[in-house]
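Chemist: First, the structure itself, so that you have it in front of you.
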Amino acid sequence: MLDHAAIAARIPHQGSMCLLDAVVDWSETAISCRAISHTDPANPLRAEGRLGAANGIEYAAQAMAVHGSLLAAASDRPRQGYLTSVRGVQLHVARLDDLPGELNVQAERLSGDSNHILYQFSLSHAGRCLLEGRAAVVLDADALKETPS
């Protein structure tokens, strides 16, 4: 299990923008995280005093980033990932900030290669699915650019 500090050491999001509090479990294909930052009135994603459910995509993206860092060998250079699209997103609630206690953030790697990854993700609270969808991630986007000949 990784705590908030260990997560922050593995992803580019720092301070209050590091939204996850713990990695509960992970394998080569999936990760499960816990978050309580949705209850923080100073959450940087809040707008007009509320945290809309679509912000859960950022929670899932951070879980994917942590997953990628856990899969990388210790000697590997960290790779910057970019969320390039989300598909099939279903929001089952309007907001996240009115939910007491922990959120469960799940991400499962469905397919991928060394530069492109497809994840399925979900956020739940007390056994209730709050949002779900799929996300495409590109690693080292600059490396994918064609070089002029």
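FYI, it's all coordinate maths here, none of it is from the lab. Fair warning: this is a prediction, and the values are worked out from it, not measured in the lab. Quick reminder, even Gly has a Cβ in these numbers, built from the backbone with ideal geometry, and neighbours come from all protein chains shown.
Chemist: Considering the options L45, L19, L70, tell which one lies farthest towards the positive end of the dipole of the chain, charges being +1 on Lys and Arg and -1 on Asp and Glu at the Cβ, about the Cα centre.
Modeler: Farthest along the dipole direction, towards plus: L45.
Chemist: For the chain, calculate the relative contact order in percent as a whole number, restricting contacts to Cα pairs under 8 Å that are 6 or more residues apart. Walk me through the numbers before you get to the answer.
Modeler: Details: 282 pairs, mean separation 34.7, N = 149.
After rounding, I find 23 percent.
Chemist: Still on this structure, please answer the following. What angle, in degrees between 0 and 90 and rounded to the nearest 10, separates the Cα long axis of helix 56-71 from the longest principal axis of the Cα atoms of the chain?
Modeler: Compared with the principal axis, the helix lies near 40 degrees.
Chemist: Scaled to the compact-protein estimate 2.2 N^0.38 Å, what is the alpha-carbon radius of gyration of the chain, rounded to two decimal places?
Modeler: 1.04
Chemist: Please work out how much length the chain gains when fully extended from D25 to H116, using 0.36 nm per residue of separation minus the C-alpha to C-alpha distance, in nm with one decimal.
Modeler: Length gained between D25 and H116: 30.4 nm.
Chemist: Cα centroids of segment 12-62 and segment 82-99: how far apart, whole angstrom?
Modeler: 11 Å
Chemist: Right, here's the next one. Label points 7 Å out from Cα along the Cβ direction at T84 and R134: separation in nm?
Modeler: 1.4 nm
Chemist: With charges only on Cβ, +1 for K and R and -1 for D and E, what is the dipole size of the chain about its Cα centre, in debye, rounded to 20?
Modeler: Dipole size: approximately 180 debye.
Chemist: What FRET efficiency comes out for the pair D40/A5, r = Cβ-Cβ distance, R0 = 22 Å, nearest 0.05?
Modeler: 0.85
Chemist: Neighbouring Cβ atoms within 10 Å as the yardstick, rank R87, R50, R95 fewest first.
Modeler: Lowest count first: R87, R50, R95.
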